[in-house]
Structure formats: C-alpha cells, structure tokens
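Colleague: Once you've had a glance at the structure underneath, I'll fire off some questions.
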Amino acid sequence: MIYSRVAGTGRYLPEKVITNFDLEKMVDTSDEWIRTRTGVERRHVAREDQAVSDLCMEAAKQAIDAAGVDVSEIDLVAVGTTTPDTFFPNVATLIQHRLGIPPCPALGMEAACTGFLYALSTADKFVRAGESKCALVVGAECLSRLVDWTDRNTCVLFGDGAGAVILKPSDEPGILSTHLGADGQYRDLLYYPAGPSKDLHKIGTPEAAIMMTGNEVFKVAVKTLGNVASEALDANGIDKSELDWLVPHQANIRIIQATAKRLDLPMEKVIQTVQDHGNTSAASVPMALDVGVRDGRIQRGQLVLMEAFGGGFTWGSALMRY
Ligand code: ACO
C-alpha cells in the first residue's frame, strides 16, 4: 500500500506587523479585548506589491529545501487560497512557473479557511493513486486585502501568510485519512459579498467587506471541529488518547481550547500560533505544522491531527503519522 508522507514543511509571514496596540489607534478596541476574546496579539500584512503567489514562493522554497527535493521532481502543485493574485491563471500555475517546476497539474482550491486541507486531501489521493511522486501543497492568504480596517468586528481577527508541504509516496504511513465537508446553508454567517461574477466593482472598496456573525460562527465552529476530530479518529480505529499533536486552524484561541477539551488533550499537545498572526485562513494549518516541526516538538512517527473550519461553511481533517 502506498501512503503519502510529508517530506518537508515551510512557512512565510510578511514582514509588516500590526499589533493590537496599533489597532487601538485605528478602531475602538483594546489589546485586552482582542487577547481575551481571540488570543491574537499581532498579525502580519503583505506589502502593496506582494501578492499571494509571492507569499507562496517563500513558503514553498522552504518546504522544498526541507524535503531535500529538486524542483524538477515536483509533478503536482495544489494551492488553497481565497485571495488569488488574479482570477486566472490560478496561483498554483503561477508558482509552478516561477519555481521552475516542469509542466504538471496545477490545482487552485477555494474553500476559505479549509483551503489547505482541501488541497492536501486532493494531493494525497494523487500520490496514493501513483499519479504523483512529489506534490507541492500550499495554503496561503492575503485576507488583509478584503478586510475593512474600520470594522472592529473583523479587522482584529485576520492576517496574511503562507504555509507549504511536500508530499511524497512512502511504504510507511503517512497520511492515514482525510475527511472533507461543506454545508452552504451557513453562507450568511460568514461571507465576502463580491466576486468576479457578482459586484466585481465593489471588491476592495467600502461597499464590500467580510460579513460575519461572530458568535454564531463560533458555536458552529466548536461543534463541527469536535465532530471532525471524532470522525477522523473513528475512521482509523484510533483512540483520542493516542494523539500526539493537534494542529488546528488558528482562528480563535477559545475555539482551539474547546476542541482540545473535547479530545481530552492538554494544551501542551496543541500547536498554537494564533497569537503571532491571527486568522490566516488557508495558511494557518500548514504554518502551525511547520512551527511544530521546526521547533522539534513534532517528531517523525508521531500521530498528528490537522483540522480546519471556514466560510461556507467548509471543514476538513487530516490524520497522519508525521
Ligand atoms: N473590540 C472591542 N469590542 C468589540 C470588538 C473589538 N474588536 N469587536 C466586537 N466588539 C464588541 C461588540 O460590538 C459587542 O458589543 P455590544 O455587546 O455592545 O453589542 C461585544 O464586543 C460582544 O460581541 P460578540 O460578537 O458577542 O463577542 P464574542 O465574545 O462572540 O467575540 C469574536 C467575538 C471574537 C468574533 C468571536 O465571536 C469569534 O471568534 N467568533 C468566531 C469567528 C471566527 O473565528 N471567524 C473567522 C472565520 S471562521 C473560522 O476561521 C473559524
């Protein structure tokens, strides 16, 4: 049996930082409110001249280096993002060319905060089917472009970033399973009201902003992420006590704590990065994985559960032996 295995990870955060104290000068908020309600202390914001593909490039180069592969070996690129450079070509195609990867399938996956897990799950299937021997999977976002920086309800939450992994085939497990889901009945709780085929002219203007019913999103997120974790463990006949690490979507520390509690996991076994960059949507899970791998906490062979939840709603998990 062929498994896909994470051979290397990488991440990139833009240099510009907006702290909670900076936000106090922009909207009616406080560091104390933001930290206690969300856990966020600062967020990174891409420069005007940086697009999502630029963020992807840095994260991808790190993952490629860490995996010890040459770009000529890569035969699949999958990028999860909701904030692409252009409507087309997709970001995967842009970085395929910029990295010098030979022509190959280049998939753009749009699933809000679950984008990386949608991309990972798809790439995993290519690898297990023998159709990819080396896949580059990226989650990246420039949500700062969609944020209304005068709306305290949302501007305190989001940030920009990119995370990447290289997947390679292996006889040893690897990714044990992925589970994806979506339910559009929740569209009105979290959405951006304009796009390429609807109210295009409103994008980036005060006429369009991220719309969110925060407390309702919170409740569904906690419930769904708990179910997603159980689904992944049950499908593999694994007890929650066997988990070494939870690598959750970094939206809100209270959502993360609630999920950990449902799994009876102490917070020491949860990779937490939300304080450093806020909610980076599709980038948050691969960046948190990279943090845990690079600081030596996540070790080869350990059991890692990644999970995410986002606008749509969409959700997903990946359970793996790192
Ligand atoms: N500073 C100060 N006060 C604020 C701020 C702010 N930045 N934002 C909102 N408030 C006020 C509200 O106006 C409200 O005031 P009121 O009672 O006078 O009307 C009060 O704080 C409480 O507002 P709530 O929305 O009830 O606060 P809550 O405790 O639910 O926290 C939050 C809000 C942080 C948005 C929370 O609901 C949350 O995190 N929800 C999940 C949303 C999320 O993570 N979305 C990201 C995408 S989905 C995902 O990734 C999971």
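Colleague: Is it the case that the range 140-161 has a residue that's crowded, with 24+ Cβ neighbours inside 10 Å and away from the ligand (no atom under 16 Å from the Cβ)?
Modeller: The answer is no; no qualifying residue exists.
Colleague: Which condition does Leu225 not pass, out of (1) open to solvent by less than 30 Å² (accessible area, probe 1.4 Å); (2) more than 12 Å from the ligand (Cβ to nearest atom); (3) assigned to a helix (DSSP H, G or I); (4) in contact with a Ser or Thr (Cβ under 9 Å, 6 or more places away or on another chain), if it passes all the others?
Modeller: Condition (2) is where Leu225 drops out.
Colleague: Go through the range 15-34 and count every residue that is open to solvent by less than 10 Å² (accessible area, probe 1.4 Å) and free of Cβ contacts under 8 Å to residues at least 60 places away in the same chain.
Modeller: Kept after step one, since they are open to solvent by less than 10 Å² (accessible area, probe 1.4 Å), are these residues of the range 15-34: 20, 23, 34.
Filter once more, so that each one left must be free of Cβ contacts under 8 Å to residues at least 60 places away in the same chain: none.
Matching residues across the range 15-34 total 0.
Let's see how each residue does on (1) touching a strand residue (DSSP E or B) at 6+ places or on another chain (Cβ under 6 Å); (2) open to solvent by 20 Å² or more (accessible area, probe 1.4 Å); (3) modelled with pLDDT under 95; (4) over 15 Å from His249 (Cβ atoms):
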residue: Val77; (1), (2), (3), (4): yes, no, no, yes
residue: Asp85; (1), (2), (3), (4): no, yes, no, yes
residue: Pro103; (1), (2), (3), (4): no, yes, no, yes
residue: Gly115; (1), (2), (3), (4): yes, no, no, no
residue: Tyr118; (1), (2), (3), (4): yes, yes, no, no
residue: Lys125; (1), (2), (3), (4): no, yes, no, yes
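Colleague: Looking at the range 77-98, which of the residues that are touching a helix residue (DSSP H, G or I) at 6+ places or on another chain (Cβ under 8 Å) and small (Gly, Ala, Ser) is nearest to Leu143 (Cα to Cα)?
Modeller: The selected residue is Gly80.
Colleague: In the range 108-142, what residues are within 22 Å of Asp65 (Cα to Cα) and β-branched (Val, Ile, Thr)?
Modeller: Val127, Val137, Val138
Colleague: Only one of these is within 26 Å of Leu23 (Cβ to Cβ), among the small types (Gly, Ala, Ser) and surrounded by fewer than 24 Cβ atoms within 10 Å (Cβ to Cβ): Gly214, Gly310. Name it. Give the derivation first.
Modeller: Values: Gly310 fails: surrounded by fewer than 24 Cβ atoms within 10 Å (Cβ to Cβ).
Selected residue: Gly214, the only one of Gly214, Gly310 that is within 26 Å of Leu23 (Cβ to Cβ), among the small types (Gly, Ala, Ser) and surrounded by fewer than 24 Cβ atoms within 10 Å (Cβ to Cβ).
Colleague: Related question: Lys198: without any contact (Cβ under 8 Å) to a residue 40 or more places away in the chain, surrounded by 15 or more Cβ atoms within 10 Å (Cβ to Cβ) and among the basic types (Lys, Arg), yes or no? Show your work before the answer.
Modeller: Values: without any contact (Cβ under 8 Å) to a residue 40 or more places away in the chain: yes; surrounded by 15 or more Cβ atoms within 10 Å (Cβ to Cβ): no; among the basic types (Lys, Arg): yes.
In short, no.
Colleague: Condition first: within 16 Å of the ligand (Cβ to nearest atom), within 26 Å of Gly214 (Cβ to Cβ) and either open to solvent by 40 Å² or more (accessible area, probe 1.4 Å) or not charged (D, E, K, R) (or both). Can you find one or more residues in the range 233-246 that meet it? Working first, answer last.
Modeller: Pass one, the range 233-246, residues within 16 Å of the ligand (Cβ to nearest atom): 246.
Among the residues that remain, those that are also within 26 Å of Gly214 (Cβ to Cβ) are: 246.
With the extra rule that they be either open to solvent by 40 Å² or more (accessible area, probe 1.4 Å) or not charged (D, E, K, R) (or both), the set shrinks to 246.
Yes; the residues of the range 233-246 include at least one that is within 16 Å of the ligand (Cβ to nearest atom), within 26 Å of Gly214 (Cβ to Cβ) and either open to solvent by 40 Å² or more (accessible area, probe 1.4 Å) or not charged (D, E, K, R) (or both).
Colleague: Answer yes or no: is there a residue in the range 215-224 that is β-branched (Val, Ile, Thr), at pLDDT 95 or above and over 30 Å from Trp149 (Cβ atoms).
Modeller: No.
Colleague: Something else now. Of the residues in the range 35-59, how many are farther than 21 Å from Ile101 by Cα, open to solvent by 20 Å² or more (accessible area, probe 1.4 Å) and under 17 Å from the mean Cα position of the chain (by Cα)?
Modeller: The number of residues fulfilling the criteria is 1.
Colleague: Where the second residue is among the polar types (S, T, N, Q) and open to solvent by 10 Å² or more (accessible area, probe 1.4 Å) and the first is closer than 12 Å to Thr9 by Cα and lies in the range 278-295, which pairs have Cβ atoms under 8 Å and are six or more apart or on separate chains?
Modeller: Going by the 8 Å Cβ cut-off, the qualifying pairs are Ala288/Gln272; Asp290/Gln62.
Colleague: Sticking with this structure for a sec: Under the condition of being more than 16 Å from the ligand (Cβ to nearest atom) and under 21 Å from Asn279 (Cα atoms), which residue from the range 162-184 is farthest from the chain's Cα centre (by Cα)?
Modeller: Initial filter on the range 162-184 (more than 16 Å from the ligand (Cβ to nearest atom)): 162, 164-179.
Filter again for under 21 Å from Asn279 (Cα atoms), leaving 162, 164-165.
Values: Ala162: 8, Ala164: 9, Val165: 11 Å.
If we take residues in the range 162-184 being more than 16 Å from the ligand (Cβ to nearest atom) and under 21 Å from Asn279 (Cα atoms), then Val165 is farthest from the chain's Cα centre (by Cα).
Colleague: Wholly within the range 1-120, which strands (runs of 3 or more DSSP E) include no fewer than the required count, namely at least 1 residues that are farther than 16 Å from Gly159 by Cα and away from the ligand (no atom under 16 Å from the Cβ)? Show your work before the answer.
Modeller: Numbers: elements: 3-12, 16-19, 42-45, 76-80, 106-109.
Qualifying strands (runs of 3 or more DSSP E): 3-12, 76-80, 106-109.
The values are calculated or read from the model by the stated rules, or taken from the named source; none is laboratory data. These numbers come from a predicted model, not from an experiment. Every residue, glycine among them, receives a Cβ derived from its backbone with ideal geometry; neighbour counts consider all protein chains shown. For the accessible areas, the whole protein counts, side chains as well, though only heavy atoms, and no ligand, DNA or RNA atoms are used. Shrake-Rupley method; radii C 1.70, N 1.55, O 1.52, S 1.80 Å.
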